[in-house]
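This report concerns only the one structure given below.
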Amino acid sequence: MNTQPVLALDNVTVAYHGDITILNGVSIQARRGQVTGIIGPNGAGKSTVLKTLFGFLPLRGGRITLDGRDISRQPAHQRAESGVAFVPQHRSLFGELSVEDNLLLGCWPFRRDKARVRRRIDSVYARFPILAQKRNDPVSSMSGGQQRFVEFGRALLNEPEVILLDEPTAMLAPKISKELYALIRGFADEGMTVVLVDQNVRRCAEISDYLYILELGRNKAEGGRDQFHEEGGLRDMVASWMDYKID
């Protein structure tokens, strides 16, 4: 395992509306070339971790580091420019615009470099051929899975070092979900740092190198993939709050 995390939360506390504490002393480390999974019961603070990592929520305590640099006060757009991408759970596309227009908006930070814009969009089409076929179609006319491909492609345009994924397969058909999990695993194998929040605990555990379990905004447990699959420990803990046996 790489010893130096690329992205880390260190004893972070976050509150909504000033006094509703959501994260209370959470610490998470994500390493290069790995998928770091975050799981836990509903209301555990999983999505809040990703929003905090991307800079949407201010800290009340602790710090966030990227490649060892403190980025705790850095706004979201600067984190994106620094190599952090975020794919939220809920759709974030402009439905009336075409696939290509949505991708062009993702190139806004380097919009003046026309050659780079074309090169990056073409790289997305090469990775997702269905998007090349539908480049002129409005996004709203596409299936949920195809829209997810647009969001993944847009996140990759800036060649991120880190990609944050919040429930990427929610409400999608099993076939599309399988493709997305393979893509996510592939991102890490290509050298990216992936932080994955997922309610599909079994699949998350299958593709993650390391797992954090949150409960009520705190670290509950953590461990590698092998520890999750062993009888006892993480496996039994997760089964207890899911209320069913994990195969």
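The values are calculated or read from the model by the stated rules, or taken from the named source; none is laboratory data. Since the model is a prediction, treat every value here as computed from it, not as a measurement. All Cβ positions, glycine included, derive from the backbone under ideal geometry; neighbour counts span all protein chains shown.
Out of SER92, SER140, I need the residue that is within 19 Å of ILE176 (Cα to Cα), part of a loop (DSSP other than H, G, I, E, B) and not hydrophobic (A, V, I, L, M, F, W, C). Which one? Lay out the reasoning, then the answer.
Details: SER140 fails: part of a loop (DSSP other than H, G, I, E, B).
So the residue among SER92, SER140 that is within 19 Å of ILE176 (Cα to Cα), part of a loop (DSSP other than H, G, I, E, B) and not hydrophobic (A, V, I, L, M, F, W, C) is SER92.
Across region 161-197, which residue is surrounded by the most Cβ atoms within 10 Å (Cβ to Cβ) among those that are hydroxyl-bearing (Ser, Thr, Tyr) and outside any loop (DSSP other than H, G, I, E, B)? Before you say what the answer is, go through the steps one by one.
First, pick out the residues of region 161-197 that are hydroxyl-bearing (Ser, Thr, Tyr): 169, 177, 181, 193.
Retained after the next criterion (residues that are outside any loop (DSSP other than H, G, I, E, B)): 177, 181, 193.
Numbers: SER177: 18, TYR181: 20, THR193: 26.
Checking each candidate, the answer is THR193.
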Sort out which residues of region 95-120 are in a loop (DSSP other than H, G, I, E, B), without any contact (Cβ under 8 Å) to a residue 40 or more places away in the chain and within 17 Å of GLU151 (Cα to Cα), and write them in order of number.
none
Out of region 145-186, which residues are among the β-branched types (Val, Ile, Thr) and closer than 23 Å to THR48 by Cα?
VAL162, ILE163, THR169, ILE184
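Do you know which residues across region 163-173 are in contact with a helix residue (DSSP H, G or I) (Cβ under 8 Å, 6 or more places away or on another chain) and in contact (Cβ under 8 Å) with a residue 60 or more places away in the chain? If you could, list the steps in order and put the result at the bottom.
Of all residues in region 163-173, those in contact with a helix residue (DSSP H, G or I) (Cβ under 8 Å, 6 or more places away or on another chain) come to 163-169, 171-173.
Matches in region 163-173: ILE163, LEU164, LEU165, ASP166, GLU167, PRO168.
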Can you find even one residue in region 109-119 that is buried (at least 19 other Cβ atoms within 10 Å of the Cβ), under 26 Å from PHE56 (Cβ atoms) and out of contact with any Phe, Trp or Tyr (no Cβ under 7 Å at 6 or more places or on another chain)?
no
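Does region 1-23 hold any residues that are surrounded by 17 or more Cβ atoms within 10 Å (Cβ to Cβ), in a strand (DSSP E or B) and at pLDDT 95 or above, and which are they?
Filtering region 1-23 for residues surrounded by 17 or more Cβ atoms within 10 Å (Cβ to Cβ) gives 5-10, 12, 14-15, 22-23.
This time we only want the ones that are in a strand (DSSP E or B), so: 7-10, 12, 14-15, 22-23.
Hits for region 1-23 are LEU7, ALA8, LEU9, ASP10, VAL12, VAL14, LEU23.
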Would you confirm whether or not region 17-24 contains a residue that is under 20 Å from GLN74 (Cα atoms) and either of a type in the set (Ser, Thr, Tyr) or under 17 Å from the mean Cα position of the chain (by Cα) (or both)?
no
Please list, ordered by first then second residue, the pairs with beta carbon atoms under 6 Å, 6 or more apart or interchain, first in region 207-223 and in contact (Cβ under 8 Å) with a residue 24 or more places away in the chain, second buried (at least 17 other Cβ atoms within 10 Å of the Cβ) and of a type in the set (Ser, Thr, Tyr).
ILE207/TYR181; TYR210/THR36
Which condition number does PHE86 fail, the rest of (1) among the hydrophobic types (A, V, I, L, M, F, W, C); (2) under 14 Å from ALA155 (Cα atoms); (3) without any contact (Cβ under 8 Å) to a residue 24 or more places away in the chain being met?
(3)
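Looking at region 148-160, can you tell me whether even one residue there is among the charged types (D, E, K, R), under 26 Å from LEU66 (Cα atoms), part of a helix (DSSP H, G or I) and under 14 Å from the mean Cα position of the chain (by Cα)? I'd like the intermediate steps shown before the answer.
To start, the set of residues in region 148-160 that are among the charged types (D, E, K, R) comprises 148, 151, 154, 159.
Going one step further and asking which of them are under 26 Å from LEU66 (Cα atoms), we end up with 151, 154, 159.
Imposing the further condition that a residue be part of a helix (DSSP H, G or I) reduces the set to 151, 154.
Narrowing further to those that are under 14 Å from the mean Cα position of the chain (by Cα): 151, 154.
Yes, region 148-160 contains a residue that is among the charged types (D, E, K, R), under 26 Å from LEU66 (Cα atoms), part of a helix (DSSP H, G or I) and under 14 Å from the mean Cα position of the chain (by Cα).
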